[in-house]
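As structure tokens, the structure follows; a few thoughts come after it.
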Amino acid sequence: MKRVLSLIVFTLIVAQAFAQGDLLVTPRRVVFEGNAQREELSLVNMGKDTATYSVSLLQKNMKEDGSFINLDKATDAKMSAEPYLRIFPRTITLAPGEPQVIMIQCRRKPDMAAGEYRSHLYFRSEKDYRPLGAKNPFKDTSLVSVQLIPIFGISIPVIIRTGEVTVATSFTNLKLGVSQDTIPTLEFSINRVGNCSTYGDLVVEYIAGQNKPIIVGNVKGVGVYTNIDHRIVTVKLNQVKGVVLRTGNLRVRYTTPDDAKFMVYAEANLPITEPVQVTLGANK
């Protein structure tokens, strides 16, 4: 009998508007502050086929490199938001091009400790993932086939802030490096103090004397969550043939995201002690 080995691959992409497996989700994150009790998410099926998605809550902890690890149970996560959240609907079927609104309700309790509670809303594709051999039996044969089955999923953080919350950030350990043998980088730590996470954009500028600062690198949507007190970040510096950073400083700023009132969370400078070959091109 022909045997079908099915390898199930979980896929996750994080972007300005989250899109994976033809599902578009906005916004990228949900934060309940003050007296806020309800928030909405917009979903759109960007594919050519009708698709069904299940909605659930996951617990994740951030690592110092910015990646995440999944926790087995909500009770394993300190300050989990799951007990205080209601989501509906929990299953969505969308025709091609069809939009859908997901409602998230926050129910705070009087005995909640001050601080930040976090869980991650997970949208999982519910396609028929049965192996081909289970759906279409084959005649006896010695052949073996392998079927790669992607299970598309998107997760976004849902945060509840209650009581008095504080956060302060700073930069340490700034140093120049090289990525992939040729791409110059700026590496540093974002340090966080307080009972609240921080989230914003990073901008690296080259400043030479009295000249106008020139943006040589940026990264949007950088968070440091409450389960860690620092995050190590590497920003690639844009390269342009013939441009050399000979003297001056690299200034890195951590600011509010584009959709919030501008504020600088942290700022630091790194003097350039030797020429660095970089490009002043389109920011990435």
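A few comments on the model shown:
- Residue within the range 205-227 that is surrounded by 17 or more Cβ atoms within 10 Å (Cβ to Cβ), of a type outside the set (Phe, Trp, Tyr) and touching a His at 6+ places or on another chain (Cβ under 8 Å) present: yes
- Subset of the range 180-224 [within 18 Å of the chain's Cα centre (by Cα) and of a type in the set (Val, Ile, Thr)]: Ile190, Thr198, Val203, Val219, Val222, Val224
- Residue count, the range 256-274 (criterion: within 26 Å of Gly177 (Cβ to Cβ), of a type in the set (Gly, Ala, Ser) and either more than 22 Å from the chain's Cα centre (by Cα) or loosely packed, with under 14 Cβ neighbours inside 10 Å (or both)): 1
Just so you know, all these numbers are worked out from the coordinates, no wet-lab data involved. Remember, it's a predicted structure, so these values are computed and weren't measured experimentally. Positions of Cβ are generated from backbone atoms using ideal geometry, with glycine treated the same way; all protein chains shown enter the neighbour counts.
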